[in-house]
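Q: Take this structure, written in structure tokens, and hold onto it; I'll ask about it next.
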Amino acid sequence: MPEISRRNALILGGAGVASVAVGGTGFFLNQGFSSVSSAGTVSGSTFTEPIELRSANGALSVDLESSRQRVSIAGRDVNALSYNGGVPGPTLRVRAGDTLRVSLKNGLADPSNLHVHGLHVSPENKSDNMFVTVAAGDSFDYQYELPADHPPGVYWYHPHLHGFVAEQVFGGLYGAIIVEDPESIPADRERLLVISDISLNSSGNIPAASPMDEMTGREGDLVLVNGQLTPDLVALPGERERWRIINASVSRYLRLRLDGQQLTLLGIDSGRFESPQEIDEIVLAPGNRADLLVTSSLGTSTLRALSYDRGSADGMMMGGGNFRSGEEVALATFSVAGDAVVAQSAIPSQPAQRDLRIAPTTAKRELVFAMGMGGGMGAGMMSPTINGRQFDAERIDTTVQFDSVEEWLLTNTSTLDHPLHLHVWPMQIIEQDGQPVDSIMWQDVVNVPARSTTRVRIAFEDFGGKTVYHCHILDHEDNGMMGIIAAN
Ligand SMILES: [Cu+2]
């Protein structure tokens with residue numbers, strides 16, 4: 001009997017066995033419809049999810065070890081980065097008011113650290129502190145105290161050390177954090193879909209990014225759902241599933257559709273709509289998450305990422321750029337068959353959302369995102385900047401008054417979209433391209449389309465201290481599109 005890897009054990013433990021690896025050579029016994037490509041990747045296996053770790057009695061303690069090792073990605077044995085040997089890493093499931101402790105052991109050859117993306121926690125000390133560096137081989141014990149009123153939803157964790165972020169996330173370092181609802185939303189099942197992209201060469205290694213990749217933001221050739229290629233999900237007609245979707249890509253925007261199925265959006269990031277919205281498609285910029293209900297109808301549907309135009313690199317490089325802005329990709333198959341089930345009860349009403357449009361503001365400021373001439377990216381290339389400057393770890397760019405509300409105009413003068421992520425404090429989007437937004441939208445990654453403006457309001461509350469805002473095209477962040485903010 002050959003040794004069965006953890007991932008295959010998870011497949012075996014799941015509902016319905018699609019494929020079982022026999023030996024280490026990539027030979028598969030297909031009982032479902034999975035197929036093996038000439039590159040050795042496997043599509044159509046039974047959908048699997050990362051292992052889940054849940055808090056108990058108000059606390060969750062987790063050991064996370066990052067390393068470069070052989071892992072299974074797209075059904076192939078490859079050399080990538082991972083937390084605890086899995087891509088994605090373990091899912092951390094907590095509740096508002098919990099204490100989350102993460103002991104990070106950096107088993108990489110480079111320095112790293114950890115960011116809990118979207119969590120409303122302190123940016124200081126051992127919490128979500130962006131100024132911690134964990135050297136290769138070292139460990140650091142993080143401790144996050146979630147406030148008792150922390151918004152429920154889907155969040156995620158990944159490395160955040162300036163200059164290394166894109167490479168480490170692209171390499172496989174990410175995992176989900178779920179903050180449970182105080183009152184559960186009735187569903188027949190819940191699924192986590194961590195969507196990411198990666199490129200692999202014939203020897204199963206991840207190729208280095210080119211200067212052009214860094215300027216436009218690298219996109220991988222393979223788009224993965226929980227490390228798998230087009231996995232197969234199965235449901236009965238009439239079932240309500242809750243999908244937690246994370247865009248963990250370095251640069252790829254996900255314009256998602258699941259035609260033939262009813263989609264009800266509970267919220268984006270930590271923003272939960274008072275009334276869930278019926279939608280046909282949703283766009284997730286890198287870093288965004290969706291909390292989505294899928295009510296299944298008989299038939300087979302494909303979860304697709306449609307092409308999204310995030311701009312062009314024309315004129316940003318000597319000789320111009322040849323930039324691919326994303327072709328349509330099939331992400332998963334959703335097969336609905338069998339006898340219809342009794343419909344779930346109604347979705348409980350969600351709490352009223354705070355609306356900062358009626359709040360007095362203490363300051364207005366503008367952040368200008370540009371691809372300016374700079375020193376960071378080599379001769380003849382343009383460099384990403386905020387207000388004309390590149391990141392400096394010794395400089396505080398923005399000082400705000402603690403316990404105040406500010407209005408920020410986000411201006412993008414470049415020909416590429418830039419998604420702004422502000423740590424700790426979520427942003428309410430109040431205006432897009434000069435048009436007021438009529439619903440209440442809270443997000444922690446806010447896209448600023450090419451040659452456009454977006455206006456947000458932010459309440460700098462609950463936690464003071466020093467943290468960062470940056471473009472979530474992680475190549476742009478690494479190349480300087482990040483600033484330091486202090487709330488005092
Ligand atoms: Cu950017």
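FYI, it's all coordinate maths here, none of it is from the lab. A quick note: this is a predicted structure, and the numbers were derived from the prediction, not measured. Counting neighbours? That spans all protein chains shown, and the Cβs are built from the backbone with ideal geometry, glycine included.
Q: Sorted from fewest to most neighbouring beta carbons within 10 Å, what does the list Arg101, Arg95, Arg244 look like?
A: On the way: Arg101 15, Arg95 19, Arg244 22.
Placing the least packed residue first, the sequence is Arg101, Arg95, Arg244.
Q: To continue, here is another question. With the crude spin-label approximation of a point 7 Å out along Cα→Cβ, what separation in nm comes out for Asp355 versus Ser38?
A: Here the modelled spin labels are 5.8 nm apart.
Q: For each of His423, His472, count neighbouring Cβ atoms within 10 Å of the residue's Cβ, then give the residues from fewest to most. Provide the component values of the computation, followed by the final result.
A: Details: His423 24, His472 27.
If I rank by nearby Cβ atoms, fewest first, I get His423, His472.
Q: Exposure proxy check: Arg365, Arg70 ranked by fewest other beta carbons within 10 Å?
A: So the ranking, lowest neighbour count to highest, is Arg365, Arg70.
Q: Separate question: Could you size up the charge dipole of the stretch 52-179 around its Cα centre, putting +1 on the beta carbon of Lys and Arg and -1 on that of Asp and Glu, and report it in debye to the nearest 20?
A: 320 debye
Q: Could you calculate the contour length gain from Arg395 to Gln262, that is, 0.36 nm times the residue separation minus the distance between their Cα atoms, to one decimal place in nm?
A: 43.0 nm
Q: Reachable aspartates and glutamates from Lys126, Cα under 13 Å, same-chain residues fewer than 8 places away excluded?
A: Lys126 reaches Asp141, Glu145.
Q: Shifting gears a bit: Restricting to bridges with both residues inside the chain, how much of the DSSP beta-bridge set is antiparallel, in percent to the nearest 5?
A: Roughly 75 percent of the DSSP beta bridges within the chain come out antiparallel.
Q: Moving on to the next point. Hey, can you rank 445-452, 349-356 by average C-beta count inside 10 Å, highest first?
A: In decreasing order of mean packing, 445-452, 349-356 become 445-452, 349-356.
Q: Here's another thing I want to ask about it. Determine the sum of side-chain charges near Pro159: Lys and Arg each +1, Asp and Glu each -1, restricted to other residues whose C-beta is under 12 angstrom from that of Pro159. Could you put the intermediate results ahead of the total?
A: On the way: positive: none; negative: Asp110, Glu167, Glu477, Asp478.
The answer is -4.
Q: Right, here's the next one. May I ask you to order 38-44, 182-188 by the average number of other C-beta atoms within 10 Å around their residues, highest value first?
A: 38-44, 182-188
Q: So how strong a dipole does the stretch 356-487 carry about its Cα centre when Lys and Arg Cβ are +1 and Asp and Glu Cβ are -1, to the nearest 20 debye?
A: My answer is approximately 280 debye.
Q: Once you put a point 7 Å from the Cα of Ser335 and another 7 Å from the Cα of Arg54, both along the Cβ direction, what distance in nm separates them?
A: 2.9 nm
Q: What's the FRET efficiency of Ser139 with Ser404 using the Cβ-Cβ distance as r and R₀ = 51 Å, to the nearest 0.05?
A: The computed FRET efficiency comes out at 0.85.
Q: Further question on the same structure: Using only C-alpha positions, report the orientation-averaged shadow area of the convex hull of the chain, nm², one decimal. If you can, show how the numbers build up before the last one.
A: Numbers: hull surface 89.6 nm².
Mean projected area for the chain: 22.4 nm², to one decimal.
Q: Which whole-Hz couplings ³J(HN,Hα) result when phi for each residue of the stretch 178-183 is put into the Karplus expression 6.51 cos²θ - 1.76 cosθ + 1.60, θ = phi - 60°, listed in order with x for Gly and Pro?
A: Taking θ as phi minus 60°, the curve returns 10, 9, 4, 6, x, 10 Hz for the stretch 178-183.
Q: What does the extension gain come out to for Lys126 and Asp63, with contour length at 0.36 nm per residue minus their alpha carbon separation?
A: Value of the extension gain: 21.2 nm.
Q: Over all distinct alpha-carbon pairs, what is the Kirkwood Rh of the stretch 52-179 in angstrom?
A: Every distinct Cα pair counted, the radius reaches 14.7 Å.
Q: Separate question: Sequence gap at least 6, Cα distance under 8 Å: using those rules, report the relative contact order of the chain to the nearest whole percent.
A: 13 percent
Q: Roughly speaking, what is the stretch gain from Thr302 to Thr99, that is 0.36 nm per residue apart minus the C-alpha to C-alpha distance, in nm to one decimal? Display every interim value, and only then the final one.
A: Working: separation 203, 0.36 × 203 = 73.08 nm, distance 3.86 nm.
Between Thr302 and Thr99, full extension yields an extra 69.2 nm.
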